[in-house]
1. List the aspartates and glutamates whose alpha-carbon lies under 14 Å from that of K226, not counting same-chain residues fewer than 8 positions away?
2. Take every DSSP beta bridge with both residues inside region 8-279 and express the antiparallel ones as a percent of the total, to the nearest 5.
3. For L165, list long-range residues whose amide hydrogen, built 1.01 Å from N in the peptide plane, is under 5 Å from its own amide hydrogen.
4. Relative contact order of the chain, please, whole-number percent, based on alpha carbon pairs below 8 angstrom and at least 6 residues apart.
5. Cross-link list K132/K160; K172/K214; K132/K180: which exceed 19 angstrom alpha carbon to alpha carbon?
6. Which of the chymotrypsin sites (Phe, Trp or Tyr not before Pro) found in region 109-146 are in a DSSP loop and have at most 12 neighbouring Cβ atoms, other than their own, within 10 Å?
7. So what J values fall out for region 94-102 if you push phi through Karplus, 6.51 cos²θ - 1.76 cosθ + 1.60 with θ = phi - 60°, rounded to Hz, Gly and Pro as x?
8. Rounded to whole Hz and in sequence order, give me ³J(HN,Hα) for region 174-191 from the Karplus expression 6.51 cos²θ - 1.76 cosθ + 1.60, θ = phi - 60°, writing x for Gly and Pro.
Amino acid sequence: MARLDGQVALVTGAARGQGRAHAVRLAREGADIIAFDSCGEFVSTTYDPPTLADLKETVRLVEEQGRRIVWRQIDARDVPAVTSLVEDGTRELGRLDVVVVNHGICSYAYTWEVTEENWDEIISVNLTSVWKVVKVVSPYLIDQGEGGSIIVISSVAGVKGQPFLAPYVCSKHAIVGLTKTLANELGPHRIRVNAILPGGVKTPMAGFEWNGQKGEQNPFAGELDKPEVAAQLGSIFMNALPDRWMEPEDISNAVVFLASHDSHYITGTEVRVDLGSTAR
Ligand SMILES: NC(=O)c1ccc[n+]([C@@H]2O[C@H](COP(=O)([O-])OP(=O)(O)OC[C@H]3O[C@@H](n4cnc5c(N)ncnc54)[C@H](O)[C@@H]3O)[C@@H](O)[C@H]2O)c1
């Protein structure tokens, strides 16, 4: 018997990267899936967005596991659209047990050079719309009355002051706080809430090409090659383990653990899947 047989999991930002890996892995563990992605441009990002075809490929890969999936191309900032998907998905699949709030965007600049437009967009996607998703799903999980697991994807930037990433760092710190608050509020209902803090993962957000889509071009990568800058800031981006990057599936392992009964007494915590980056 698979670890999530008979369960239903919602995954946000599921068109590619980590979100796709989580949806496929949760399906392999027996869960039916509700998934969405905006598949659209953001003013603050310089890397290519995924396409509707990417989201449809996630759908195909989930179905290939023998699981059902209810999906839509919608934006997490759109509460009526998220509400409608959760209503339709739970009606069709019967229930909701696991929620992986994974979507996010990233952009590099010195703090004093971030435009107001970019600041507002990154905060609204990475913080406010994470709250919007949990606002929609929490009453459903409470009413269902059978507990559940909410997994919020933060980052090592959720506990470190990474330079050139102020709105990203602020949003990722804030959702760690949101996770802990929610864990206290939802604990009486046996709904667990945990954050995963990934280190570097090979996706377009981290500069890697994906299916022809251009990755984020970090304008500060060259800066860090300068000995005087590297001496001051370089260690922030170093890992304890000898590898630099992880695969999306490395994060899915932690998602499945937090979704399953194996972690049934773990709530309100940060699971750092970061190659030891936060130990530096
Ligand atoms: N890649 C890394 O090195 C890394 C490290 C730490 C944390 N993270 C976090 O992991 C999560 C997944 O990122 P990824 O690495 O897979 O990057 P990615 O860019 O490949 O995937 C992010 C997905 O989220 C979707 N998305 C963004 N905003 C959305 C919105 N408002 N509504 C719906 N969908 C939206 C995008 O379209 C995209 O498909 C993000 O929260 C990111 O901040 C990434």
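The values are calculated or read from the model by the stated rules, or taken from the named source; none is laboratory data. Treat the numbers as computed from the prediction; the structure is a model and nothing was measured. Cβ coordinates were reconstructed from backbone atoms using ideal geometry, including for glycine residues, and neighbour counts include every protein chain displayed. Ligands, DNA and RNA are stripped out before the accessible areas are found, and what is left, the full protein with its side chains, is counted by its heavy atoms. Shrake-Rupley method; radii C 1.70, N 1.55, O 1.52, S 1.80 Å.
1. none
2. The antiparallel fraction comes to roughly 5 percent.
3. Hits under the 5 Å cutoff: A109.
4. Values: 583 pairs, mean separation 55.7, N = 280.
Relative contact order of the chain: 20 percent.
5. Beyond 19 Å: K132/K160; K172/K214.
6. Of the chymotrypsin sites (Phe, Trp or Tyr not before Pro), the ones in loops of region 109-146 whose Cβ has at most 12 other Cβ atoms within 10 Å are Y110.
7. x, 5, 8, 10, 10, 10, 10, 8, 10
8. So the Karplus estimates, Gly and Pro as x, are 4, 6, 5, x, 4, 4, 5, 4, 4, 4, 5, 6, 9, x, x, 9, 6, 9 Hz.
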